[in-house]
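For reference, the structure is listed below as structure tokens.
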Amino acid sequence: MPKIWPTVLFFSGVVSALASGQSFENTAIVRTVELGGSVVHVTTTYAIKSLTGVSNIYTIAISHDEREHTSWLEAKVKGQQQSLPTQERAFDATKGYHLVDVTLPKTLPVNKTLNLILETVQTHVTHPCPETARQGDDQSLKYATNLFVISPYATSVQRTKLRALTPRFLSHTTPENVKAFTNDAPVTASGATIVYGPYNDIPSSTTHAFISEHQQLITVHYHHEQPVLEVPRLKRVVEISHWGSNLNTQDDIFLHNAGPTLKGHFSRLDHQTQSYFKRPAPHVLSALTLHLPAGIRNAYYYDLIGNVSTSKLRAAASVPKNQQGSQFSILELRPRYPLLGGWNYSFTLGWDAPLEDSASYDRHNGKYIVEVPILTPFPGAVVSDAELVVILPEGASDVEFSLPFPALSTTIGTHITYLDTTGRPALTFRYKNLTVRHAQNIYVSYRVVTSAHLKKPFAVAAAFFSVFALAMFARRVNVTLDQKKKAL
Amino acid sequence: MSTAYPLPTGLSPATVNNTASLLRIVALALISGAAIASRLFAVINFESIIHEFDPWFNYRATKVLASKGFYEFWNWFDPTAWYPLGRVVGGTVYPGLMATSGVIYNILHALNLPVDIRNVCVLLAPGFSALTAWATYMFTKEMKDESAGLLAAAFIGIVPGYISRSVAGSYDNEAIAIFLLMFTFFCWIKALKQGSALFGTIAAVFYFYMVAAWGGYVFITNMIPLHALVLMLMGRFSHRLYVGYCSWYVVGTLASMQVPFVGFQPVSTSEHMGALGVFGLLQIVAFTQFVRSHLSSTQFRSLLNVGLFVVGIVGTAAFVGLTVKGTIAPWTGRFYSLWDTGYAKKYIPIIASVSEHQPTAWPAFFMDLQFLIFLFPAGVVMCFLELRDEHLFVIIYAALASYFAGVMVRLMLALTPVVCVASAVALSSLLDTYIDPTEPDVAEEQVPASTDTTTSPAQAVTTTSKKAKKAAAAGPPPASTPLTNLIAATSPVKKGSPPPPKGIFGIDARLVVVLNTLSMLFFFVFHCTWVTSNAYSSPSVVLASQNQDGSQHIIDDFREAYYWLRQNTPETAVVMSWWDYGYQIAGMADRPTLVDNNTWNNTHIATVGKAMSSSEEVAYPILRKHDVDYVLVIFGGLLGYSGDDINKFLWMVRIAQGVWPDEIQEPNYFTPQGEYRVDDRASQTMKESLMYKMSYYRFAELFGGQQATDRVRQQVLPKVGPTLDYLDEAFTSENWIVRIYQVRKEDPLGRDLKSANAFEKGKKRKRSKPQPRRRAVA
């Protein structure tokens, strides 16, 4: 932030505090960070108290850095399933933070309290440290975040918990300059949890003064015993076929081990020794378990040079529509070679599923509705760049779709494949930084008239007819030059 | 006329003809189906994958053709092959195969059938085998008749000798070449029979296609002239021969010169001189015929003598002169090795090192041809009996191909079609004779009809299965078949005496022979299926073994390592391996290679051989000079995979020795007793060679103190394995079949890598080295 205009910034901070700072107060803010590999889940609970009783808009502040890495954001009232509508304000680059307005279910009366839960998923926020590791070494990651959860409202008490999967922290930052907020130790570490705070009586912190004076980065360095996975590119093509009553899904997956880069070389002997003694190195991915939809068949797994025969699929029967079920087909997938730190592996995974499992027909407007999952979640992995192509049947018209969250771009093109004459409409959606929370469905509705269905048989019949007609004609034409000889 | 079994009456000849024609079409369609289906074992047992070595290059080239277009392919310079030399692919390849796949691919895509190019390549060979069956049918039809044609088509469709080269995935030149061979021969026979310039030109067009597709086109180039020459020598010169040969030769030669890889060879190398010579001879003979029709016989005789003398002298002198001058290239080594089987081993170890260039073992004939191998001579004898012009062709073809097949395993492929044709002629003559219902008109010797009732079901079977022939036989009464001629020729009865009644009486005599023949055919089918599924359907890229519960377990080490290279090394990383794996590395790992299966540069291959067979210190400068980043070796010791590099090692040594006889000597790699060993008793040179070290690096440690056994060579390795100073192990596949080593860069401090390594391991530098120097100074 440029330091030339401190007064301007100060005034703008005051103005924003005046504009919204009066209506609420945070009685407590608890932030829980679940440290992971490439994905970090952050749950922040705001215990809010209404001061004026007129506003039902609560404003949340997120620092610019965090917002850049946040790929999923959801606000809820504690204990309720329904997420609250959020509206992000335009980013003001001079401030360095983003403001998100959350619309509460109803206006909160004066002095009434409410627990608001903000769930965010951060991606690409951890870094391996050291950046290289030998085949048998441990894997440790670093994660950095701001000490204080900033808020336009004053906060009575605030704490930040950082939880790792294994109780092995290598180091953490001890915050400085927090005497104003606490008399105890500013940070306590025990087992798998590090707690910053509690910090008391924090004023409205979305001010330049507070941020420059008190806000600071805290870094934790921790062991992580799962490989850090990243999917730099994912392309999913979903093809709907009414003739085959089939929904084919094909994923082109580029997998990258984003953990510490392998130092030295891979030794098969060491790897085999490790797996023999059941002490696999934490950053080596040798197998992956994926949850594919129930009722799938003809699953295939190949890469650029052919079929990979090292996978097992336990297919579950498809769940009837009126039943609520969460059955999955389990795919145990082994890459051709164990994926060590910094290594890549690209492959293609596909399967067929009965169309009736995910499609339905609306009698009232004569349209089909198909439910298409955006992605199959990879455990603990982030999909940096995703493209979803939904190919509708030939002749589909009135195409509409509804997205669970907005896509970066949406285009409609034409895709031509087997036995097509005019091609099929293809919807393309692009996404960035998808995580397990984004594994939701897109709903596509379209109309297909009967004549469009009959296009294919007609085309095939016409082609065969013309071939036979040509053959009949050719048999009956005499191209001999010397007709006399023929007569003899 | 009495018949052995009742025939339907009241059929018009048109009905019989139409039924026969329909049955023929159905039979051909079924044969095509069987030919295609029996080649799909590889796809069903494994997957739709390109097999072996050369097909990987063809596949890669086809991908370039399909994705970038024909002109790009034509001008393709591949800098990643033969690094750092590169390879002009467009000019050093027979493009027919790639062009065929490219055309099929583009047609399918134009019809909105977006088939993957890999599937086009994989299924090309089975598809063309169906066409081969048809071409063989047409060819054999010219030799005898349709029924023999159908038999020949069925034989060629499933005979293992041809399947071995044309299973799905075996995407090699031979896949389309055999069809082209048979069809060119058919057109040639047709042209010869009819004296038709049209068929001569069609033969030339298919000859051109063949030239563009396979180096074996030289077989046609010499077969047809030889046939023409023999016809002339037998005094069978005719204008039909003149028209057919000239139209084929002129058009075919001009067309074949359009293939860049062939270029001016048709007029400048010895292999093609025969065709040119016969062409010239034909002109002379035709001219002589013309002159003779205008001159008296004495004048003509003296003219002929003088003319022949002069032309002979001039022609031979010109040929010898041009060969000496170098305008006509002498026979290449590959051809010498056809005359002298020991030639290649002595002078061109690269050719001799290929297993398919070894002489054929005799069981291979039975394995590849089964009962056809003893029907084949019978068929050739039948050709002699009739000896029309086209039968001469089969005889010459049979004699030549039999010889070649004995010399080289891979030329079994050239023999197979003629074996099928000749056997079909023999077998169909046999069946014709024994299915023919006419009985000799000797009433008193007629067999009572009581056997009819007992054999009627069997008879029904035979009649339905051979309905085509029955229908054909039922139409026109069989006149003089080859078999009746044979009987006449071999009959002890002297001519002149009234011919006694001959033929077969009754149904039982017929059934014995027919059922025997049928059972032979059944066994043939079983044999073919078994051989195909067991011996010829393995992709060799993927190995199969069985789990303890009997399920198939795939050993996929090659692709594991190649894919690792492809995904985790820089795109410019140069990989050195023995040439066998060059095409596979280029195709699957997509990385530059030093040498590959093209083997055009012996010195380059010898360089790799030298690097592999010398010690680390000697090999390291070679590796660095060639920018080698990774060295790949195949090691089968853990799994018992016998086709590994240690077993090929002696060829590397021999080839390197051919270029550097002072530095590499084959005897050094044997024990003093002359054994080839890898255990404690291995020679010092062997133990220090890069290949040995890379193969056994850390191998003994795998056994954790137990005896480390090499399962291929059944030898126990020393407890302390070799160490490497100039290379690092970069990747080893799951079953240790592929081992990849990274070449170290020079030490940044300028030490040699050995001492740098020793320093890093904390070993003190040995004082012993400088001391002698000091002493010497003192």
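The values are calculated or read from the model by the stated rules, or taken from the named source; none is laboratory data. This is a predicted model, so every value here is computed, not measured. Reconstructed Cβ throughout: ideal geometry from the backbone, glycine too, with neighbour counts over all protein chains shown.
The set of residues in the stretch B:276-317 that are small (Gly, Ala, Ser) and touching a Phe, Trp or Tyr at 6+ places or on another chain (Cβ under 6 Å) contains only B:Ala286. Which ones in the stretch A:387-414 are in a strand (DSSP E or B), touching a residue at least 60 places away in the same chain (Cβ under 8 Å) and within 14 Å of chain B (Cβ to nearest Cβ)? Hit for the stretch A:387-414 is A:Ile391, nothing else. Among the residues of the stretch A:340-370, those that are small (Gly, Ala, Ser) and in contact with a Pro (Cβ under 7 Å, 6 or more places away or on another chain) comprise A:Gly341, A:Ala353. Every condition in (1) buried (at least 19 other Cβ atoms within 10 Å of the Cβ); (2) within 14 Å of chain B (Cβ to nearest Cβ) holds for A:Arg233 except the one numbered (1). Suppose the filter is buried (at least 24 other Cβ atoms within 10 Å of the Cβ), under 26 Å from the mean Cα position of the chain (by Cα), of a type outside the set (Ser, Thr, Tyr) and modelled with pLDDT under 90; does B:Val541 pass it? So B:Val541 passes the test. Scanning the stretch A:343-383 for residues being assigned to a strand (DSSP E or B) and either at positive phi or among the aromatic types (Phe, Trp, Tyr) (or both) gives a total of 5. What tally of residues in the stretch B:713-732 results from selecting those that are within 14 Å of chain A (Cβ to nearest Cβ), of a type in the set (A, V, I, L, M) and crowded, with 20+ Cβ neighbours inside 10 Å? Residues that pass the stated criteria total 2. Annotation for the stretch B:173-192: at least one member residue is surrounded by fewer than 22 Cβ atoms within 10 Å (Cβ to Cβ) and over 25 Å from the mean Cα position of the chain (by Cα).
I'd like the full set of residues that are crowded, with 20+ Cβ neighbours inside 10 Å, of a type outside the set (Val, Ile, Thr) and either within 11 Å of another protein chain (Cβ to nearest Cβ) or within 18 Å of A:Ser311 (Cα to Cα) (or both), limited to the stretch A:269-287. Those that are crowded, with 20+ Cβ neighbours inside 10 Å, of a type outside the set (Val, Ile, Thr) and either within 11 Å of another protein chain (Cβ to nearest Cβ) or within 18 Å of A:Ser311 (Cα to Cα) (or both): A:His271, A:Leu285.
Mind checking whether some residue in the stretch A:245-261 is within 12 Å of chain B (Cβ to nearest Cβ) and part of a loop (DSSP other than H, G, I, E, B)? Scanning the stretch A:245-261, I find no residue that is within 12 Å of chain B (Cβ to nearest Cβ) and part of a loop (DSSP other than H, G, I, E, B), so the answer is no.
Every residue, every condition in (1) within 12 Å of chain A (Cβ to nearest Cβ); (2) touching a Ser or Thr at 6+ places or on another chain (Cβ under 8 Å); (3) closer than 30 Å to B:Thr3 by Cβ, yes or no:
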| site | (1), (2), (3) |
| --- | --- |
| B:Gly506 | no, yes, yes |
| B:Arg510 | no, no, yes |
| B:Met520 | no, no, yes |
| B:Cys528 | no, yes, no |
| B:Val531 | no, no, no |
| B:Pro539 | yes, no, no |
| B:His553 | yes, yes, no |
| B:Asn568 | yes, no, no |
| B:Met576 | no, yes, no |
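On the stretch given as the stretch B:634-678, residues that are surrounded by fewer than 16 Cβ atoms within 10 Å (Cβ to Cβ) and either touching a His at 6+ places or on another chain (Cβ under 7 Å) or among the small types (Gly, Ala, Ser) (or both) total 4. Considering the conditions (1) in contact with a Phe, Trp or Tyr (Cβ under 8 Å, 6 or more places away or on another chain); (2) part of a loop (DSSP other than H, G, I, E, B), A:Gly295 is excluded by exactly one of them, (1). Each residue in the stretch B:733-748 was checked for being at the interface with another protein chain (Cβ under 9 Å from one of its Cβ atoms) and of a type in the set (S, T, N, Q), and 2 pass. Scoring A:Ala426 on the criteria (1) over 22 Å from A:Val231 (Cα atoms); (2) in a loop (DSSP other than H, G, I, E, B) leaves a single failure, condition (2). Checked against (1) away from chain A (no Cβ under 14 Å); (2) over 14 Å from B:Gly636 (Cα atoms); (3) crowded, with 21+ Cβ neighbours inside 10 Å; (4) in contact (Cβ under 8 Å) with a residue 40 or more places away in the chain, B:Glu688 passes all but condition (3). Looking across the stretch B:544-568, the residues that are more than 22 Å from B:Leu638 (Cβ to Cβ) and surrounded by fewer than 19 Cβ atoms within 10 Å (Cβ to Cβ) come down to B:Asp549, B:Gly550.
Quick grid of which residues meet (1) out of contact with any helix residue (DSSP H, G or I) (no Cβ under 8 Å at 6 or more places or on another chain); (2) at pLDDT 90 or above:
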| site | (1), (2) |
| --- | --- |
| B:Ala378 | no, yes |
| B:Val409 | no, no |
| B:Val425 | no, yes |
| B:Ser450 | yes, no |
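Would you pick out the residues in the stretch B:586-608 that are surrounded by 22 or more Cβ atoms within 10 Å (Cβ to Cβ), part of a helix (DSSP H, G or I), more than 14 Å from every other protein chain (Cβ to nearest Cβ) and touching a Gly at 6+ places or on another chain (Cβ under 9 Å)? The answer is B:Ala606, and nothing else. Out of B:Gly91, B:Gly96, one residue alone is surrounded by fewer than 19 Cβ atoms within 10 Å (Cβ to Cβ) and not assigned by TED's automatic domain parsing to the domain that holds B:Val575. It is B:Gly91.
Residue count for the stretch B:733-761 satisfying the condition of being surrounded by 15 or more Cβ atoms within 10 Å (Cβ to Cβ), outside any helix (DSSP H, G or I) and in contact (Cβ under 8 Å) with a residue 40 or more places away in the chain: 11. Restricting the stretch B:127-169 to residues that are within 15 Å of the chain's Cα centre (by Cα) and outside any loop (DSSP other than H, G, I, E, B), the residue that is surrounded by the most Cβ atoms within 10 Å (Cβ to Cβ) is B:Ile156.
Kindly indicate whether any position in the stretch A:424-436 is within 14 Å of chain B (Cβ to nearest Cβ) and either farther than 30 Å from A:Pro335 by Cβ or exposed (fewer than 13 other Cβ atoms within 10 Å of the Cβ) (or both). Among the residues of the stretch A:424-436, at least one is within 14 Å of chain B (Cβ to nearest Cβ) and either farther than 30 Å from A:Pro335 by Cβ or exposed (fewer than 13 other Cβ atoms within 10 Å of the Cβ) (or both), which makes the answer yes. In the stretch A:313-338, the residue that is surrounded by the fewest Cβ atoms within 10 Å (Cβ to Cβ) out of those that are in contact with a strand residue (DSSP E or B) (Cβ under 8 Å, 6 or more places away or on another chain) and over 22 Å from A:Ala439 (Cβ atoms) is A:Arg334. Need pairs with beta-carbon distance below 7 Å; first residue touching a residue at least 40 places away in the same chain (Cβ under 8 Å) and more than 14 Å from chain B (Cβ to nearest Cβ) and within the stretch A:327-347, second crowded, with 21+ Cβ neighbours inside 10 Å and of a type in the set (A, V, I, L, M, F, W, C); sequence gap 6+ or separate chains. From residues that are touching a residue at least 40 places away in the same chain (Cβ under 8 Å) and more than 14 Å from chain B (Cβ to nearest Cβ), the pairs are A:Leu331/A:Leu292.
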